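Asker: Could you have a look at this structure, given as structure tokens, before my questions?
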Amino acid sequence: MGHLIPRKINVALSIWQTLGALLFCSACGRPDTALPPPSFDLEQTVSVPSCRTEYLYVSSRHLDGTDSQGGSDNIWAVGLDGKSRPLTRYENLGHKSGGVPSVLASPVALPVGDRIAFVSSAARNGEDKLEGDGIFNLWSLSLKDGKSAPITNIQEASYEEWDYVHYNLILSSNERLFFNGVMDFENQTQLSDESKITSYEFNFRDSTLRTLAPSGPNMNAPNVSDQNSEWILASESSTSWSYANVIMISQITGKTRLLTSLTNAKAVGALFGPNQKEIIYISNRRLDGSDNKIADWVYNLWITDIEGKVHRPLTKFINASALSPRFSLKEKGERVFFIASLPLTGEDRYTNPRNIWSVKWDGTDLIPVTKHSKAWVNDFLLNEENGVLIYSSYAALDGKEAKETNENWNIWAIGTDGTNNLPLTQLKSNGVQATYFSYRGLIKTCL
């Protein structure tokens, strides 16, 4: 059943407050949840579906939703109203497998479809127990019936380094899943050789799996970072990890196009720009564009065209570092949002707190969005439909610029203009946190 809502709405908020406060469902065009709720004047009503947008995270909180530790890590979904619900219901996995969390690798949602993908150490036969200590598989969960099924079939683990199990999951609109890991599918084991990282594409439509091979004998497999209907964006590093370059892989022919040609610096984390004709990436190359690095830890945002012919720095740090770019398509000026470790004044020096920053597409008007002076922002999601940023941080829940007790991570929401900064989760107990937040973890439910 739909709800009756006004066709003409007079919102008692400014435009910027509305962008930071309201959640609009793209499928319905109606307000969902507000921070704070707006007031409406009813003139004419139409019947439309009711929708809810939620954001995914992993937590060890008890399945009853209380701030106490449950028996397993699970995937949760939270809305802008702060209401959370578990999507998985493990109770007997514990919180460690091979020394790492039993559910890990940020869950991702399929932009068009009804499933999410995640990594878990759960038994592949569906029982609520571990497959084995340190054994992880890639899983798919249906949002319609809540049932999950393993995608990979790893039955033996030969190491305890979780970093190379499965990571950087990317679900595409054409129901393909890209992921990276150290796996031997023929022998159904995980490998300990870091140089043999492999990238895969799994097709949900026909359940086929193919390998994305490295371009040469001295290169690691490509680390996929983004995709569109035609191309896959990835970075490819040398086996010595001394340099890395951004590449494009054709989804049709499999052929590779090199966008950067570095041998002494690194270019990684590439994303397609708003018009799909420009690509933004992060690199520690010198600002003059030469094949040398500023420093191992100093990264800037760079922009190039899809041919890789012209490169220009969007930020120009020589001491600070820019990470995790996102885009805003709605705002005038097409701002880019990213995480950086620099003072709130914008001075080019490294600081320990990490905040979300915003800059215009031409590199001007650099401003902080979050203003934490002691806590970190980890990853964040930009919901372009409503102008809200969702991020994870261990900032104090009372809003004061301090760390939360036990440095617990929680999920926060803030408007792209820096207003309405509110925690969506309120976890304080020792060992109970909202972690492994995904910038691709957004789901919608319309009734």
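Bear in mind that the values in this text are calculations on the coordinates, not laboratory data. Quick caveat, the model's predicted, so the values are computed rather than measured. Note that each Cβ is placed from the backbone with ideal geometry, even for glycine, and that neighbours are counted across all protein chains shown.
Asker: Quick one: plug the Kirkwood hydrodynamic radius of the stretch 248-400 (C-alpha pairs) into Stokes-Einstein at 4 °C, 1.567 mPa s, and report D in µm²/s.
Answerer: Translational diffusion coefficient: 80 µm²/s.
Asker: Right, something else. On a full-extension model of 0.36 nm per residue, what is the gain between SER207 and SER261, subtracting their alpha-carbon distance, rounded to one decimal in nm?
Answerer: 15.9 nm
Asker: How would you classify the stretch 316-447 from its alpha-carbon gyration tensor, with a ≥ b ≥ c the square roots of the eigenvalues: rounded for a/c under 1.5, else prolate if a/b is greater than b/c, otherwise oblate?
Answerer: oblate
Asker: Between SER215 and THR66, what is the label-to-label distance in nm when each label sits 7 Å out along the Cα-to-Cβ direction?
Answerer: Taking the simple label geometry, SER215 and THR66 are separated by 5.6 nm.
Asker: Would you tally the net charge around TYR436, using a Cβ to Cβ cut-off of less than 10 Å, leaving TYR436 out, and scoring K and R as +1, D and E as -1?
Answerer: Taking every Cβ under 10 Å from that of TYR436, the sum is -2.
Asker: All other residues with a Cβ under 13 Å from the Cβ of ASP114 taken together, and with Lys, Arg as +1 and Asp, Glu as -1, what is their net charge?
Answerer: +2
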